[in-house]
Structures are given as structure tokens and as C-alpha cells.
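The values are calculated or read from the model by the stated rules, or taken from the named source; none is laboratory data. This structure is a prediction, so every number in the text was calculated from the model and none was measured. Neighbour counts are summed over all protein chains in view; Cβ atoms, including those assigned to glycine, are modelled from backbone coordinates with ideal geometry.
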Amino acid sequence: MITSRNFFNQVSTLFVRYLTFPFVSVLKFILVSGGRKVAQFTSVYKFIVASGGRKVAPLQILLLVSCKSTDNLQYATIYHGQSIAGFHARAVTFVNDDALIIGGPNGVYCGKYFGGDLIEQPALIGAEDLRDIHLFMNGTIALLSSGDTGKIYIVGFNGEQATVFDTAGVFLDGMDFFDDKSGIAYGDPINGKFFLTQTHDAGRSWTAFTPEFIPTILKNEAGFAASGTGIQCINDSTVYFATGMADTARLFCSYDRGKNWIAKNTPLKSGDSYGIYSMYFWSATEGVIIGGSWKETEYKKKICYYTSDGGDTWINRSKGLGGYTSCIQGNENGSCLFATGDHGTYYTLDKGLNWNLLFERNYYSIAVSNDFVAFVGRDGVVEILRFKF
């Protein structure tokens, strides 16, 4: 039996090796199912699953059964199944085009097939609901848990599990990183200011900090943790996070790694349960915010806006969307964006000018790489497409 230490040593080696190669023609696709080997395929895809704290349910496997074209987007479903039955998956990230990590409630399971053995990683103790995941270059994983107590965990390349941030009364909404060392997590306000904590050692320690200047919150203003995509670090020093619940939905902006902040008003509908649930910027100036209301999901008039000047002005790009949308993500230059929510999953090839229904299946979160898009959601459902346009 391979030990936890050996597992993460091998994962670390694997990550570092494949991060130097954008694609490898012969890969292995391994799915985790309750501690048993489910399947192994070559020339398909290498896949790592991590999900909420119990054994993972048997998976339904669908591999390249069809290639479809919707307008100018061509895609093939390479997997449609379940990571963990009975639990909702909200955190997801790609490792290049070689691995996928998924997080859910009550902890995380990691599995990978090496030499005929399946390795299980114990659930993270005390995790309430994993809403965000970040993978470092050496294979170490940071996982953010939202709930009554805000927690951030590190799962090390040597099998180490550690709680590196643990503060009662802090509801964490998301985290992002400038580079392989420094990042910021944000949470709902405390004493009139949004909670902020930062790391400079690849997530191994976090320090709550008060910026030199950050605007006071509006009445009822808060963030959303629906998909962990309400915060984004861009380039070396720019970081944005989004808000809602107040009379105005705002974009908080810092250009010096969080030392000073300004808040820019947006026209996206805000108020009780309304606001910016997700955003995706492909540069410091150009990006899209999206949201609505998880309570009044059919509202769709002012739920998506585009900016080309870093949030100084906004253009409504809501037309074509079905309603409340919990996540938007895209490729590196924003030429292909995917959005998902209660009324289906959509894509746009013109930065939101025209939204097209990809399929009626709805998810919570999205991860996009150069050639693949992954959707995760209710009851642990996972869907992976290979796409081109």
C-alpha cells in the first residue's frame, strides 16, 4: 500500500513534470470510487478528484461519445458523472490540462492511481464547506472553507494536512494569488470593514490585516461564496473583489496588493440576495461581472456587465442569459467565456454581446483551461468538455 507521504511525493513530481508540458498525448484517466479503482484509460485525460469528506460514490463514465457544434463552438464531452453523491461541489481548479481538483463539504478526498494502487486521503477535519481551491507549483493545495468559522487548509506534497487559518465568526468568501507565494482571502465585514487576510509563503501562514485605506461598507453589504470567484488577483499588484446585498453592488479595487482600496459602483442589480456573485477579468481593465439573486432566480435584466476601463464604466451584457448566474470563467484573453446558474449553462465568443445556451444543465462553479472546461455542482455532478472555436 502506498503511504500518504509517497502519494503526495508522486503527485508533486507529476504536477511539476506536467506543468512544463502543455499537453501530453498519452495520459491516464483515473476516477475515485469509494476507495476502489474504478477505471483506467490511456490517451484520454489525467484526472484527480478531491471531494467532500466521505467515500466517493461510484462514477458514471462517458468518454468522447459525441462531438457537438453550437454556432462556432465545437466541443466533446469527455466526462459526465459524479464526484460524491449527496454533496454539492463548489470548488474546482485545473492543473494545466493534466489534472482536476474538486472540493465540497466536510473535507476533501484525493485519489490517484499509481502502480495498481489507489490512494485515499483522509477528509480535512472540521471543514464545513470548501468553496475555493488553489494549487501551488510544488503540488501543495490550499483549500478555503466557508461557514461559521473561516478556515484555510494546506494539504502538502508530503501528505501533511494543516489548518493554517482558523477564526470563529469570519465567513470567508474566496481567495486568489498573485504568484506562487503571495495571495489574499476576503470575507464578510467585521466592524464595518471587509475582512482581509494575506499570505506570503504559499499559504502556509495567513495574517489578517487592515489596509491603510478601505471604504466603509454600505448597509447590509457583503460578499458571496457561491463559487469562490468573487475575488481575482491580476498581474503583479491588482486585486478586485465584488459585493452585493446593499443598495449598490460594488467592485473593490486595489493596485498595491491590498494596501489601499477604492470601491467602484456598478449598475448590476443589488439588494436582498442580489449582487455580484462572480467575475472574470482577463486584464486589469477588461472583464465581466455576473450575478442576480439565488432567491429570485428568474430576474435577468441587470445581471451581467462588461467593462473595458477597470470598472469606471459598465455596459449591460445580460441579454440572452436565463437568470441568476453563480459563476463566470473564461480563457486567457476573454474570447471564450462560460457562465452557469439556475437556468442553464451559457457561453459567449464576443465578451457577452451574444450569449448562447450550451445546455440546460445547471452547475455552481466552472474551471477553464486552454482546451477544457469543467463544471461542478449539485449532488457532486461533474462535467468536462474539450472545446475549440
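Worth a mention:
- Sole exception among (1) surrounded by fewer than 17 Cβ atoms within 10 Å (Cβ to Cβ); (2) in contact with a strand residue (DSSP E or B) (Cβ under 7 Å, 6 or more places away or on another chain); (3) modelled with pLDDT of 95 or more for ASP201, by number: (2)
- Condition check for ASN370: part of a loop (DSSP other than H, G, I, E, B), in contact (Cβ under 8 Å) with a residue 60 or more places away in the chain and under 18 Å from the mean Cα position of the chain (by Cα): yes
- Among the residues of segment 191-225, those that are farther than 19 Å from THR248 by Cα, assigned to a loop (DSSP other than H, G, I, E, B) and not polar (S, T, N, Q) comprise HIS200, ASP201, ALA202, GLY203, ARG204, TRP206, PHE209, PRO211, GLU212.
- Inside segment 226-247, residues that are in a loop (DSSP other than H, G, I, E, B) and under 20 Å from PHE281 (Cβ atoms) make up a count of 9.
- Some residue of segment 100-112 being out of contact with any Pro (no Cβ under 7 Å at 6 or more places or on another chain), at pLDDT 65 or above, of a type outside the set (Lys, Arg) and not in a strand (DSSP E or B): no
- Within segment 265-287, being surrounded by fewer than 19 Cβ atoms within 10 Å (Cβ to Cβ) and assigned to a strand (DSSP E or B) holds for ASN265, GLY271.
- Test: residue in segment 306-326 that is assigned to a strand (DSSP E or B), modelled with pLDDT of 95 or more, surrounded by 24 or more Cβ atoms within 10 Å (Cβ to Cβ) and within 18 Å of the chain's Cα centre (by Cα): yes
- Members of segment 350-377 found to be surrounded by 18 or more Cβ atoms within 10 Å (Cβ to Cβ), aliphatic (A, V, I, L, M) and in contact with a Ser or Thr (Cβ under 9 Å, 6 or more places away or on another chain), listed by number: LEU358, ILE366, ALA367, ALA374, VAL376
- Subset of segment 191-218 (residues that are closer than 17 Å to THR266 by Cβ and over 22 Å from the mean Cα position of the chain (by Cα)): PRO215, ILE217, LEU218
- Considering the conditions (1) among the hydroxyl-bearing types (Ser, Thr, Tyr); (2) surrounded by fewer than 19 Cβ atoms within 10 Å (Cβ to Cβ); (3) under 22 Å from the mean Cα position of the chain (by Cα), SER254 is excluded by exactly one of them, (2).
- ALA222 being in contact with a Pro (Cβ under 8 Å, 6 or more places away or on another chain) and under 25 Å from HIS343 (Cβ atoms): yes
- Any hit, segment 220-228, residues being closer than 22 Å to GLU332 by Cα and touching a residue at least 40 places away in the same chain (Cβ under 8 Å): yes
- Segment 327-341, residues that are part of a loop (DSSP other than H, G, I, E, B) and either at positive phi or surrounded by 23 or more Cβ atoms within 10 Å (Cβ to Cβ) (or both): GLY334
- Failed item in (1) among the small types (Gly, Ala, Ser); (2) over 23 Å from GLN74 (Cβ atoms); (3) crowded, with 18+ Cβ neighbours inside 10 Å, with GLY344 passing the rest: (2)
- Total residues in segment 180-190, condition assigned to a loop (DSSP other than H, G, I, E, B) and free of Cβ contacts under 8 Å to residues at least 40 places away in the same chain: 1
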